[in-house]
Each structure stands twice: as C-alpha cells, then as structure tokens.
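Trainee: Take this structure, written in structure tokens, and hold onto it; I'll ask about it next.
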Amino acid sequence: MSVNAHHWWQEAVIYQVYPRSFQDSNGDGVGDLPGLIRRLDYLRRLGVDAIWLSPVYRSPQEDNGYDISDYQDIDPMFGSLADMDRLIAEARLRGIRIIMDLVLNHTSDRHRWFQEALKGRDNPYHDFYIWRDGQPGQPPNDMRACFGGSAWQWVPQLQQYYFHQFAVAQPDLNWDNPAVREALYDMIRWWMKRGVGGFRLDVIDQIAKDPDLGITNNGPRLHELIREMNQATFGNGDYVTVGETWGATPQIARLFSQPDGSEFSMVFQFEHIGLDQKPGGQKWDLAPLDLVRLKQVLSGWQRQLYGCGWNSLFWNNHDLPRIVSRWGSDKPAYREVSAKMLATLLYGFQGTPYIYQGEELGMTNAYLSLEDCRDIESLNLYRERLEEGYAPADILRSIQARGRDNARTPMQWDDSPQAGFSSGEPWIKVNPNYSYINAAAQVDDPDSVFCYYQKLINLRKQETTLIDGSYTLLAESDPDLFMYVREWDSEQILTVVNFHAQERPQFLPEHWKQANCLIHNYPGPVGETLRPFEAFMLKHW
Ligand code: TEU
C-alpha cells in the first residue's frame, strides 16, 4: 500500500483541556497546571498526541480567561510560568505536545495596552484598539456584541466609543495597526521558544473586521494578515495551528488549510453545529436535527477539502453542550452506546479528531439551575430575554440545552466527593451523575466509553485509509443511517451508524457481509438488523 507523507498532526488525536475544570491541586476549587501535570499519565493512557490548553494567562476572568491581561504570564489561579515549563517538559516526556490558546482578536480591558489607550487619544497605545468619536447614547451603529448589548462602549473622558465583539471587558484589537501585529507576533515567538507544539487561534476570522460596515468575520484583509502572521511566527517550524472560524465555508477553509502551509493547519468550522437551531435564530432557539442535512454538511466538508485542505473533527468544546445529551441519548439505557456511536461516526472521517475533556467518558449536560450557572453568555442572555418578554422557563430550557456551562462542570475522575476534582468547593457544581460516570470506573473496563475511544485512537494509527482515503457517502437520503466508505489503494473501510434509537433493517451491500469488523459498539457480531445507536467499521481489501 502506498503511504502519503504526513504532518504529525494529520495522524494525531488532540485533547482539549479546560484547565479551570480539569484537576485542582491546591483545594481552591479551581483546576490548575500542577493538577493537569498529575493527570498526564491518564492522557497518555488514552493515547492522545497533543493537548489544546484553554487560556491560563493572567486574566480578570470575566470570560473565564478569554479576556487576557498579560499574554506572557500565567494567572496565579492556575500556577506560574515555572509550572507551565514543567507541563511542557512532562508532556514531552510522554510524547504529548502542548497547544496554547491564542486570543488575538481582543484583550482584557485590564491589559496594560488598554489601560494606556484610556489615558488619551495621543497615547501610543490608543490606536491599539478601535475608537469612534460620538455622543453619549448614540453609538456609531447598531452592531450587537455576542454577549448581549451594543458592541460599542462609551468612554466619557475620551468622548469616544470603543468596539467590543464580546464582553464590554474585552475590547477588540485594531489589526490595521502594524504595531499591534508586531507586538502579537513577538508574543507568539516567545511561546514558540518556550517549546509549545502549536496554537489554537480564538475567533481568528474576526481580526480583519470593518465595524463601520458591520463586517465581523472574513474581512477583506483576513488572509493577507494570516499569511503575514504565519511567515513571522509559526510558519517557521512544524507547529500545528487551528483557527476558530465560525464564518468558514468549505471554500474559505481551503484557503485557511491549504497544503502549502501558508495559513493554518486546519480550522474549526461550525456549519454542522448550527443545524439544530431555528433558521435565522440563535443557538438558544432549539430545533430538531435533520440527519439527512447533517450528512450533506459533513460530506460536503469531506469532499471539498479532500486533497486541497484539512478538516478538524469535533462534536464538543468548552463552548458547546455535551454531544451525548445533544445528539445521542443521556438516559442510562443508551448513554454509552450512543456516545460510542457518535465517536465512531467522527473517527471514520478524514481530518484531525479533537476530544473535549470528559467526552471520552460519555459525560453529559449538567442541566444547571440559573443560580448554578456561571457563564457570562448565559447570564446575559437570561437577563436580555427576560426583558424581551420570554418566559423564564423557556429561557432556562434553552440555557440547559445549549449553555456553555454544560461543558464546564468539573472533570469526573472518580466517585469520591467532588468527583476527585477538588478537595475544596468547586467554582461550578459537579454533575451529580459523577457517582457512576467517572474515569476510575472506566479505565480498566474493556466495554467502557474510555476504552472504546482508546480503540478508535489506535485504529487511526493503524489504518492509513482513515488518514488518506477518499470519501463516498452511501444511503444519502436515509433518515436514520449514516454510512460512508473511505478508500485508499485496494483497501476500503465502511463506517455504519444508526443515528437513532429505533431498530432498523440493515442496509449492508452484499459484498460487505464477509468483511472484517474493525470496531463495533455492541458485543458480538454485526447482525441483520441495526440496534439502537449501533455503529461499526468494516474493512475489506
Ligand atoms: O468563542 C467564539 C464564539 O463566538 C463563541 O463564544 C460563540 O459565540 C458561542 O459561545 C457559541 O456557543 C471564542 C471562545 O471559544 C469563547 O470561549 C470565548 O468566550 C470567545 O471566543 C471570546 O473570546
């Protein structure tokens, strides 16, 4: 079989750690770097190749660290730069790279640059941000911030507004200013010298915005700026880079992830994530998922990047509800088998799979009360929709289904108090189902979700066809089955999943009936009918 030359990240599986909820080492109820270091052997046992670390930089924590006040220091709640260096070294000893989360679209309003900018229009840092003259109560336009309210914040002492795409405390940086870009590139090179293996770039398709025209992502200079950053920093070395690009289409993603390495390794695209919300609505406006539409979208990404780009493969992250509650079943009868089904579906595709902490255990949404919610996005939404006349119960239902806190409840390590996450009071409530959904109960159970993820990760190391193979969707209009073939040289791998809970007569082409089963989420052989959420991969030569 011919073998393509690959970048390491094309054969890798990457694990996202949300540090404040991963492992607390000092009993303050917040996860930290020493705690993560203690869990590196668990991640090595799972078989991951890199860790994407959500921000641990100095931050006032208005947006849980995505509001950075010093890019080159570690917030004391997470530890120190010495802890960071130890994490990089200890991870490297286990063959794991550390990927830093770069938030380059905005800073905290407590960042030195913004504090200087506030001192006056002639301050050298004033133009690091986006200002418009105006009158109080008359913002430059009606652009809205992602976390509610106007995207323009009035500063009386300057008689100006500044632009913020997210929270008021997250002023957007002015990427038209070469001094901003040079300062950021210096910082990136500083982290490269510290030995990190790559970067995740937060809302990076928003850096070329034109707020006067209402343009936020995919602005006219976007790819020019990304190429400049690439050449000045991570383009010099075998770093993995993944851009968070909510506005990406497959055509745009071909530019972001083109094989010449001039931009990023890949991007997080979200077209599939938006399929279960009302058309024209927000993520809070719930709608059922149409599997045929999901097949069209995911197949489109597979086909349109094949040979000219690279996909990321994910269901979860720190901003998304947990997939087993969202598109599987989090009831005891089918939680494990549906978690395995969703993983099987994802790991048969071409691209780099990402595991969000706890996904490998089949962790579920937490259905928090409003009092237990911590996320600025959910709390602002509740207040805003209450003022707009929504019923409190309807708003809470949306938050419990789609709120980001669902992904941010503490990692469930064992059935001891606080799930082994902390000896103190956690910053957010532990999901009560930790008593039976936890790592200790799974790592030695060959039938567990954890061990199923281990098998899938091993499969991707063994099966070149999963890395390089072409993609063909079967049964395109079937409302329950998602079936596709990957082909490379003389080898074919068929992935079959029953995406729903009811039994299905099986649609298996005759020549697949003698094939070798690579993985199966039910015990015993593949039968004539598909059981609820049944999933498997077959291979033949
Ligand atoms: O998220 C970008 C973003 O748009 C999401 O917040 C999205 O609006 C929403 O959460 C969908 O559920 C990135 C980070 O991942 C997020 O945690 C930050 O809050 C945000 O940028 C600002 O830095």
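Trainee: How much length, in nm to one decimal, is gained on full extension between residue 155 and residue 41, taken as 0.36 nm per residue of separation minus their Cα-Cα distance? Could you put the intermediate results ahead of the total?
Mentor: On the way: separation 114, 0.36 × 114 = 41.04 nm, distance 4.94 nm.
In short, 36.1 nm is gained.
Trainee: For the chain, what is the relative contact order in percent, using Cα pairs closer than 8 Å and at least 6 residues apart in sequence?
Mentor: 13 percent
Trainee: Under a point-charge model restricted to the Cβ atoms of Lys and Arg (+1) and Asp and Glu (-1), what is the dipole moment magnitude of segment 112-163 relative to its Cα centre, in debye to the nearest 20?
Mentor: Values: 5 positive and 5 negative charges, 22 e Å.
In debye, rounded to 20, segment 112-163 gives about 100.
Trainee: Applying a 10 Å radius around every beta-carbon, put 16-28, 392-404, 130-142 in order of their mean neighbour count, most first. Mind dumping the intermediate values first?
Mentor: Values: 16-28: 21.8, 392-404: 18.3, 130-142: 13.5.
With the highest mean Cβ count within 10 Å placed first, the list reads 16-28, 392-404, 130-142.
Trainee: Residue 7: accessible area at probe 1.4 Å, nearest 10 Å²?
Mentor: For residue 7, the solvent-accessible surface is approximately 80 Å².
Trainee: Ignoring ligands, DNA and RNA, what accessible area per residue does segment 112-163 give at 1.4 Å, in Å²? Don't skip to the answer; put the middle values down first.
Mentor: Details: 2730 Å² over 52 residues.
Dividing the accessible area of segment 112-163 by its residue count gives 52 Å².
Trainee: Tilt of helix 376-387 relative to the longest C-alpha principal axis of the chain, in degrees (0 to 90, nearest 10)?
Mentor: 80 degrees
Trainee: How do the peptides 475-485, 161-171 rank, highest first, by the average count of neighbouring beta carbon atoms within 10 Å per residue?
Mentor: Taking the mean over residues of other Cβ atoms within 10 Å, the ranking is 161-171, 475-485.
Trainee: Tell me, what is a quarter of the convex hull surface for the C-alpha atoms of the chain, in nm² with one decimal?
Mentor: Details: hull surface 97.0 nm².
One quarter of the hull surface, i.e. the mean projection, equals 24.3 nm².
Trainee: Mind pulling the angle between the C-alpha long axis of helix 449-462 and the longest principal axis of the chain? Nearest 10 degrees, somewhere in 0 to 90.
Mentor: Here the helix axis deviates by roughly 80 degrees.
Trainee: Write down the percent of antiparallel bridges among all DSSP beta bridges whose residues are both part of the chain, to the nearest 5. Provide the component values of the computation, followed by the final result.
Mentor: Values: 40 of 65 bridges.
Of all bridge pairs located within the chain, approximately 60 percent are antiparallel.
Trainee: Take the Cα radius of gyration of segment 426-488 and divide it by 2.2 N^0.38 Å, with N its residue count; two decimals is plenty.
Mentor: On the way: Rg = 17.8 Å, N = 63, 2.2 N^0.38 = 10.6 Å.
So segment 426-488 has a normalised radius of gyration of 1.67.
Trainee: Say the dipole of the chain comes from +1 at the beta carbon of Lys and Arg and -1 at that of Asp and Glu; which of 522, 259, 218 then lies farthest toward its positive end?
Mentor: Towards the positive end, the residue furthest out is 522.
Trainee: I would also like to ask the following. If each of residue 72 and residue 121 carries a label point 7 Å out from its Cα toward its Cβ, how far apart are those two points in nm?
Mentor: Taking the two extended label points, one gets 3.2 nm.
Trainee: With +1 assigned to the C-beta of every Lys and Arg and -1 to the C-beta of every Asp and Glu, and no other charges, what is the dipole magnitude of the chain about the Cα centre in debye, to the nearest 20? Before the final figure, lay out the partial values.
Mentor: Details: 51 positive and 72 negative charges, 124 e Å.
The dipole of the chain has a size of about 600 debye.
Trainee: Taking the chain as the reference, fit the longest principal axis to its C-alpha atoms, fit the long axis of helix 335-347 to the helix C-alpha atoms, and give the angle between the two in degrees, 0 to 90, nearest 10.
Mentor: 80 degrees
Trainee: Let me ask something else. Roll a 1.4 Å probe over the protein chains and send me the accessible area per residue for segment 412-541 in Å².
Mentor: 42 Å²
Trainee: If you don't mind, there's one more thing I want to ask. Where does segment 112-163 land on the Kirkwood hydrodynamic radius, alpha-carbon pairs, in angstrom?
Mentor: Numbers: mean 1/r = 0.0879 Å⁻¹.
Roughly 11.4 Å, rounded to one decimal.
Trainee: Which residue, chosen from 173, 95, 143, occupies the Cα position most advanced towards the positive end of the dipole of segment 54-177, where the dipole is computed from +1 (Lys, Arg) and -1 (Asp, Glu) charges on Cβ about the Cα centre?
Mentor: 95
Trainee: Just how large is the dipole of segment 274-313 about the Cα centre, in debye to the nearest 20, putting +1 at every Lys and Arg Cβ and -1 at every Asp and Glu Cβ? Numbers along the way, then the final one.
Mentor: Working: 5 positive and 3 negative charges, 20 e Å.
The dipole magnitude comes to about 100 debye.
Trainee: Given a cut-off of 18 Å, what percent of all Cα-Cα pairs of segment 243-354 lie beyond it?
Mentor: Above the 18 Å cut-off, segment 243-354 has 53 percent of its Cα pairs.
Trainee: Compare the peptides 41-52, 269-280, 520-531 by average per-residue count of other Cβ atoms within 10 angstrom and give them in order, highest first. Mind showing how you got there, number by number?
Mentor: Numbers: 41-52: 19.4, 269-280: 15.8, 520-531: 14.2.
Going from most to least packed, we get 41-52, 269-280, 520-531.
Trainee: While we're on this one: Got a sec? Charge dipole of the chain, +1 on Cβ for Lys and Arg, -1 for Asp and Glu; which of 364, 77, 348 is way out at the positive end?
Mentor: 348
Trainee: For the chain, which whole percent of the accessible surface, found with a 1.4 angstrom probe, sits on carbon and sulfur atoms? Don't skip to the end; give the middle numbers.
Mentor: Numbers: 9900 of 19820 Å².
Summing carbon and sulfur atoms, their accessible area is 50 percent of the total for the chain.
Trainee: Sequence-distant or interchain residues sharing an amide H contact under 5 Å with residue 50, placed H: which?
Mentor: For residue 50, whose amide H was placed from the backbone, the distant partners under 5 Å are 13, 15, 97.
Trainee: Could you report the accessible area of residue 537 in Å², rounded to 10, computed with a 1.4 Å probe on the protein chains as they sit in the structure?
Mentor: Answer for residue 537: close to 0 Å² accessible.
The values are calculated or read from the model by the stated rules, or taken from the named source; none is laboratory data. Just so we're clear, the structure is a prediction, and the values are computed from it rather than from any experiment. Neighbour counts are summed over all protein chains in view; Cβ atoms, including those assigned to glycine, are modelled from backbone coordinates with ideal geometry. In case anyone asks, the SASA skips ligands and DNA or RNA and just uses the protein heavy atoms, side chains included. Shrake-Rupley method; radii C 1.70, N 1.55, O 1.52, S 1.80 Å.
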